[in-house]
Amino acid sequence: MTSRTQRLDRFISQNSAYSLSDTHLLLARKRILLDGVVACSIQQKVTRFTHVMLDGQCLQDNKPVYLMLNKPRGVVSATKDSRHTTVLDLVQHPQKNELHIVGRLDFNTTGVVLLTNDGAWSRKLSSPESAITKTYEVTLSQPVTDEYVAVFRQGIYFRYENVTTRPASLDILSDYTCRLSLTEGRYHQVKRMFGFFQNEVLALHRVSVGTLDLQGVETGQSRLLTPAEPGLV
């Protein structure tokens, strides 16, 4: 979903009986309010979530939705699927059909999935420049050694993309489990990084995205993020 931004005069012409040129007069007479403030220029920007009033009537009153789901195993990170349960099937929200997924998880990967109707927010979280840390708990088929820690910190070369992964933090929890934190989201990245050691990932669980974690959210359940939470203000 895109987060469309328009000039005020274009928005008025598309959402009322007034033309582009009429907007000048509407402004002069202080008949347009943007987020409760009198509009002053035809070039002011109107986003998907700008509250717009004209002559006391509401032209737009969309509310952003930010939601976190604890994805179970065997659920598709998609909004529609003819064969499998999707993450959207698990969400109970009146605007669920407007939501899109921020950072998908594989079919059998569990944990944090974020959904929103705010395209600007999702692009920010997904942008490599934002370097948002994603943390995973990983269960492996073979023991993990200290060599992994050093190699992950250095970065691993992916021949297909001709890139080296960014430094990643690996904490060994037991012989077969560890916690991995990285700031990228390349295709099957975690499995491919452990594949460097020919060590198969048996289970993968995303614990957190940035400072957003699953505390209090049971498997298959979701909750709305509050405006006070990091990244939402």
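Laboratory data are not the source of any read-out in this text; all were calculated from the coordinates shown. Nothing here was measured: the structure is a model prediction, and the numbers come from that model. With ideal geometry, Cβ positions are generated from the backbone for all residues, glycine too; neighbour counts draw on all protein chains shown.
A few notes on this one:
- Over 22 Å between alpha carbons, listed pairs Lys80/Lys124; Lys45/Lys80; Lys71/Lys96; Lys63/Lys124; Lys45/Lys96; Lys45/Lys124: Lys80/Lys124; Lys45/Lys80; Lys45/Lys96
- When each of the peptides 182-188, 102-108 is scored by the mean number of other C-beta atoms lying within 10 Å of its residues, the order from highest to lowest reads 102-108, 182-188.
- Taking a sphere under 13 Å around the Cβ of His188 and counting the other residues whose Cβ falls inside, with K and R at +1 and D and E at -1, yields a net charge of 0.
- Calculated P(r) of the chain - Cα pairs past 27 Å, %: 48
- The HN-Hα couplings worked out from phi for segment 91-98 by the Karplus form 6.51 cos²θ - 1.76 cosθ + 1.60 (θ = phi - 60°) are 8, 10, 7, x, 9, 4, 6, 8 Hz, whole numbers, x standing for Gly and Pro.
- Cβ-Cβ distance of Leu25 and His51, R₀ of 22 Å, FRET efficiency by 1/(1 + (r/R0)^6): the value works out to about 0.50.
- Under 5 Å from the amide H of Val76 lie the amide H atoms of Thr85, Thr86, Val87, each residue being 5 or more positions distant or on a separate chain, with H modelled from the backbone and absent for Pro and chain starts.
- Largest-first ellipsoid semi-axes for segment 6-60, taking √(5λ) over the Cα gyration tensor eigenvalues, angstrom: 14, 12, 11
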